[in-house]
């Protein structure tokens, strides 16, 4: 799993960083985007939906989210 560290990055930077790795995503591969900005969650969800990706969001520490992104089967 590739980790995309977006701690401290405000929107739209996390979405742009995910977009930069989109071409390298293959079926079954996962990326984990880590963020500390709640607005990122909504933007990543919308981006994933628009690009046929699935995402699983987990708040691992209060105010820190890990978003696991994978290609839909």
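The values are calculated or read from the model by the stated rules, or taken from the named source; none is laboratory data. Since the model is a prediction, treat every value here as computed from it, not as a measurement. Backbone-built Cβ (ideal geometry, glycine too); neighbour counts: all protein chains shown.
Among the residues making up segment 44-56, a single one is in contact with a helix residue (DSSP H, G or I) (Cβ under 6 Å, 6 or more places away or on another chain) and within 17 Å of residue 5 (Cβ to Cβ): 55. Taking segment 30-43 as the range and being at pLDDT below 95, out of contact with any helix residue (DSSP H, G or I) (no Cβ under 9 Å at 6 or more places or on another chain) and under 13 Å from residue 4 (Cβ atoms) as the test, only 30 passes.
Looking at segment 18-42 only, could you name the residues that are surrounded by 12 or more Cβ atoms within 10 Å (Cβ to Cβ) and either within 9 Å of the chain's Cα centre (by Cα) or under 12 Å from residue 65 (Cα atoms) (or both)? 18, 31, 32, 33, 34, 35, 36, 37, 39, 40, 41 - these are the residues of segment 18-42 that are surrounded by 12 or more Cβ atoms within 10 Å (Cβ to Cβ) and either within 9 Å of the chain's Cα centre (by Cα) or under 12 Å from residue 65 (Cα atoms) (or both). For segment 3-17, the set of residues classified as exposed (fewer than 13 other Cβ atoms within 10 Å of the Cβ) and under 15 Å from residue 56 (Cα atoms) consists of 3 only. Of the strands (runs of 3 or more DSSP E) contained entirely in the chain, those carrying at least 1 residues that are in contact with a strand residue (DSSP E or B) (Cβ under 7 Å, 6 or more places away or on another chain) and in contact (Cβ under 8 Å) with a residue 60 or more places away in the chain fall at 64-71.
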